[in-house]
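Engineer: Have a look at this one before I ask anything.
The values are calculated or read from the model by the stated rules, or taken from the named source; none is laboratory data. Owing to the predicted nature of the structure, the values given are computational and were not obtained by experimental measurement. Please note: Cβ atoms are built from the backbone with ideal geometry, for glycine as well, and neighbour counts cover all protein chains shown. For accessibility, only protein heavy atoms count, side chains too; no ligands or nucleic acids. Shrake-Rupley method; radii C 1.70, N 1.55, O 1.52, S 1.80 Å.
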Amino acid sequence: MNRRLFLGGAVWAPVVNRQGHAELPSSNPLNVVVAGGHPGDPEYGCGGTIVRYGRLGHRVTLLYLNRGEDPQQEDVGCTGADDGIRVQEAKEACRILGATATFAQQCNGRAIVDNPHYHAFTELLASLDPDVVFTQWPIDNHPDHRAITNLTYEAWNRLGRKAAFYYYEVSNGEDTLMFTPSEYVDITNVEELKRQACYAHASQSPDRYYALQEEVARFRGIEAGYMRAEGFIRHAQSRRGLLP
Ligand SMILES: [Zn+2]
């Protein structure tokens, strides 16, 4: 039975574990895409969940909108290099999490959301054939985060809403605001790998930002009944039951 058939309707009958999540069959690996504005966003928001998908045999791609280069003036071309420090950090973070890094080739701090970029991003997302998509929350302070959420949401629509669709949170108070999770993933036993992946972004003040994200993980854990958790908002019309 191929993956599409298995997930394609009546055949898909997930066994629900005691956390209320599906026991995802590793013999039918899912393609999971975690989209983020910058290198580090998917890791901070979803690092524990990414590790848990990988341990179940699923394939995870971290899809970054840009390569995190220093923002440039409007009249200067996008200077992000494939061997730049932020790209190297992202690849190391992905290695730690068991994921693959992909870049949408936009420019840091100058995200463009228009029809040509909707088209290009939809083609890129389609090429990853996702069963599950995560993206940033629309009420984030960084405009690149608001760009990636618009691009991802439009692509999900254009691709027929076939994948499950979740929002994640980062740096609450500084970036994500007004976020109330609808679902949680227990990351207690994988937090160490998440921490290592976030600290792989050594150029981005991990002592400061990981401390904040750790507080969020502990608070989401209190809400959900775990030591630490990552919280997500599932789109009300998304397929359900595909969190690890
Ligand atoms: Zn960011």
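Engineer: Given a 1.4 angstrom probe, what's the average accessible area per residue across the chain, in square angstrom? Can you show the working numbers first?
Structural biologist: Values: 10810 Å² over 244 residues.
Per residue, the chain has an accessible area of 44 Å².
Engineer: Given a cut-off of under 8 Å on Cα pairs at least six residues apart, what relative contact order in percent is computed for the range 76-183? It would help to have the intermediate numbers written out before the result.
Structural biologist: Details: 104 pairs, mean separation 26.3, N = 108.
The value is 24 percent.
Engineer: Still on this structure, please answer the following. Take the range 159-244, compute every pairwise Cα distance, and split them into 5 Å bins from 0; I just need the percent in each bin.
Structural biologist: In order of increasing distance, the bins hold 3, 14, 21, 22, 19, 12, 6, 2, 0 percent.
Engineer: Turning to a different aspect of this structure: What number comes out for the charge environment of G48, summing +1 per Lys or Arg and -1 per Asp or Glu over other residues with Cβ under 9 Å away? Display every interim value, and only then the final one.
Structural biologist: Working: positive: R52, K194, R228; negative: D186, E191, E230.
In short, 0.
Engineer: Mind checking the log10 I(q)/I(0) for the range 83-131 at q = 0.31 Å⁻¹? Debye, one equal scatterer per Cα, no solvent, two decimals.
Structural biologist: After summing over all Cα pairs, the log10 values are -1.08.
Engineer: Also, quick follow-up: Full-extension gain between R240 and R208, please, as 0.36 nm times their residue separation minus the C-alpha to C-alpha distance. If you can, show how the numbers build up before the last one.
Structural biologist: Details: separation 32, 0.36 × 32 = 11.52 nm, distance 3.41 nm.
Additional length available on full extension: 8.1 nm.
Engineer: Taking the dipole about the Cα centre of the chain, with the C-beta of Lys and Arg at +1 and of Asp and Glu at -1, give me whichever of G241, N66, L125 is farthest to the positive side.
Structural biologist: Result: G241.
Engineer: Give me, ordered by chain and number, the residues 5 or more places off F103 or on other chains with an amide H under 5 Å from its own placed amide H.
Structural biologist: Y64
Engineer: First compute the accessible area of the chain with a 1.4 Å probe, then give the percent of it belonging to carbon and sulfur atoms.
Structural biologist: Details: 5520 of 10810 Å².
Taking all protein chains in place, the chain shows 51 percent carbon and sulfur surface.
Engineer: Kindly identify the chain as rounded, prolate or oblate by the Cα gyration tensor criterion: order the square roots of the eigenvalues as a ≥ b ≥ c, call it rounded if a/c is under 1.5, otherwise compare a/b with b/c, prolate if a/b is larger, else oblate. Don't jump to the answer; show the numbers that get you there.
Structural biologist: Working: a/c = 1.63, a/b = 1.23, b/c = 1.33.
In terms of gyration-tensor shape, oblate.
Engineer: Now for a different question. Compute the signed sum of charges (Lys and Arg +1, Asp and Glu -1) over the other residues within less than 12 Å, Cβ to Cβ, of Q213. Numbers along the way, then the final one.
Structural biologist: Details: positive: K194, R195, R208, R218, R220, R228; negative: D41, E43, E169, E174, D175, E191, D207, E214, E215, E230.
Local net charge: -4.
Engineer: Might you list the cysteines of the chain that have no disulfide-compatible partner by the rule of another cysteine's Cβ under 4.7 Å?
Structural biologist: If one checks each Cβ against the other cysteines of the chain, C46, C94, C198 turn up with nothing under 4.7 Å.
Engineer: Could you work out how far apart the two model spin labels at Q196 and C78 are, taking each label as a point 7 Å from the Cα in the direction of the beta carbon, and quote it in nm?
Structural biologist: Between Q196 and C78, the simple spin-label model gives 3.1 nm.
Engineer: By the gyration tensor of its Cα atoms, with a ≥ b ≥ c the square roots of the eigenvalues, what is the shape of the range 70-170: rounded for a/c under 1.5, prolate for a/b over b/c, or oblate?
Structural biologist: On the way: a/c = 1.61, a/b = 1.21, b/c = 1.34.
The shape class here is oblate.
Engineer: Could you compute the net charge surrounding N66? Neighbours are other residues with a C-beta less than 14 Å from the C-beta of N66; K and R count +1, D and E count -1. Mind showing how you got there, number by number?
Structural biologist: Details: positive: R67, R86, R110, R146; negative: D41, E69, D70, D82, E89, D144.
Neighbourhood net charge equals -2.
Engineer: At 222 nm, what value in deg cm²/dmol follows for the chain if DSSP H runs of at least 4 each add -39500 (n - 2.57) and the sum is divided by all its residues, to the nearest 500? Show your work: numbers first, answer last.
Structural biologist: Numbers: 7 runs with 90 residues, N = 244.
Per the formula, -11500 deg cm²/dmol.
Engineer: For the chain, calculate the relative contact order in percent as a whole number, restricting contacts to Cα pairs under 8 Å that are 6 or more residues apart. Can you show the working numbers first?
Structural biologist: Details: 467 pairs, mean separation 57.2, N = 244.
Once normalised by length, the contact order is 23 percent.
Engineer: Can you list the GluC sites (Glu not before Pro) in the range 83-186 that are in a DSSP coil and have 10 or fewer other beta carbons within 10 angstrom? Write out the running numbers ahead of the final one.
Structural biologist: Values: sites: E89, E92, E123, E154, E169, E174, E183; in loops: E169, E174.
Passing both the DSSP loop test and the Cβ count: no residue.
Engineer: Restricting to the chain, what percent of DSSP beta bridges are antiparallel, rounded to 5?
Structural biologist: On the way: 8 of 27 bridges.
In the chain, DSSP labels about 30 percent of beta bridges as antiparallel.
Engineer: Work out the length of the dipole vector of the chain about its Cα centre, built from +1 on the beta-carbon of each Lys and Arg and -1 on the beta-carbon of each Asp and Glu, and round it to the nearest 20 debye. Could you put the intermediate results ahead of the total?
Structural biologist: Working: 24 positive and 30 negative charges, 235 e Å.
My answer is approximately 1120 debye.
Engineer: At 0.36 nm per residue, minus the direct Cα-Cα distance, what do T180 and E215 gain on full extension? Give it in nm, one decimal, please. List each step's numbers first, then the result.
Structural biologist: Numbers: separation 35, 0.36 × 35 = 12.60 nm, distance 1.53 nm.
This chain segment gains 11.1 nm when fully extended.
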